[in-house]
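Working notes, beginning with the structure itself.
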Amino acid sequence: MANTSSAKKAVRKIARRTAVNRSRRSQMRTYVRKVEEAIASGDAGVAQAALQAAEPLVMRAAQKGIVHKNTASRKISRLTVRVKALAQ
């Protein structure tokens, strides 16, 4: 339990940041899931559109420290390869 006023403030700040981070992570996962579903359905056009919507969110999550930048790049790279394979 926080005893000092600065520790109490830190707890409040952490709670706010946690909520923001949770929201960003959830949004990122939702958009990645949309790409996965489009790939599974076999529709290349929808998959490409979903990937274009998901890519900035994944990279923004990396910029904000929610996921590591290499993890974000790897996710985007793997999804891109799968979408391109679907188009052929």
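The values are calculated or read from the model by the stated rules, or taken from the named source; none is laboratory data. As the structure is a computational prediction, the values presented were derived from the model and not from experiment. When we count neighbours, we look across all protein chains shown, and the Cβ atoms used for this are built from the backbone with ideal geometry, even at glycine.
Of the candidates Val83, Val67, the single residue that is more than 27 Å from Val20 (Cα to Cα) and in contact (Cβ under 8 Å) with a residue 24 or more places away in the chain is Val83.
State the number of residues belonging to the range 41-51 that are over 18 Å from Arg25 (Cα atoms) and surrounded by 14 or more Cβ atoms within 10 Å (Cβ to Cβ).
Number satisfying all stated conditions: 6.
Could you identify the single residue in Asn70, Asn21, Asn3 that is surrounded by fewer than 11 Cβ atoms within 10 Å (Cβ to Cβ) and outside any loop (DSSP other than H, G, I, E, B)? Before the answer, list the steps.
Numbers: Asn21 fails: surrounded by fewer than 11 Cβ atoms within 10 Å (Cβ to Cβ); Asn3 fails: outside any loop (DSSP other than H, G, I, E, B).
After ruling out the rest, the residue left standing is Asn70.
Residue check: is Arg25 under 20 Å from His68 (Cβ atoms), free of Cβ contacts under 8 Å to residues at least 40 places away in the same chain and not acidic (Asp, Glu)?
Considered against the rule, which asks whether it is under 20 Å from His68 (Cβ atoms), free of Cβ contacts under 8 Å to residues at least 40 places away in the same chain and not acidic (Asp, Glu), Arg25 comes out as no.
Of Ala54, Ala38, Ala10, all but one fail to be exposed (fewer than 14 other Cβ atoms within 10 Å of the Cβ) and part of a helix (DSSP H, G or I); the exception is Ala10.
Regarding Ile76, is this residue outside any helix (DSSP H, G or I) and within 17 Å of the chain's Cα centre (by Cα)? In short, no.
Hey, could you check the range 6-26 for residues that are more than 18 Å from Met59 (Cα to Cα) and of a type in the set (S, T, N, Q) and say which is modelled with the lowest pLDDT? Talk me through it step by step, then tell me what you get.
Residues of the range 6-26 that are more than 18 Å from Met59 (Cα to Cα), as a first pass: 6-19.
Filter once more, keeping what is of a type in the set (S, T, N, Q): 6, 18.
Numbers: Ser6: 94, Thr18: 97.
Filtering the range 6-26 for residues that are more than 18 Å from Met59 (Cα to Cα) and of a type in the set (S, T, N, Q), the one modelled with the lowest pLDDT comes out as Ser6.
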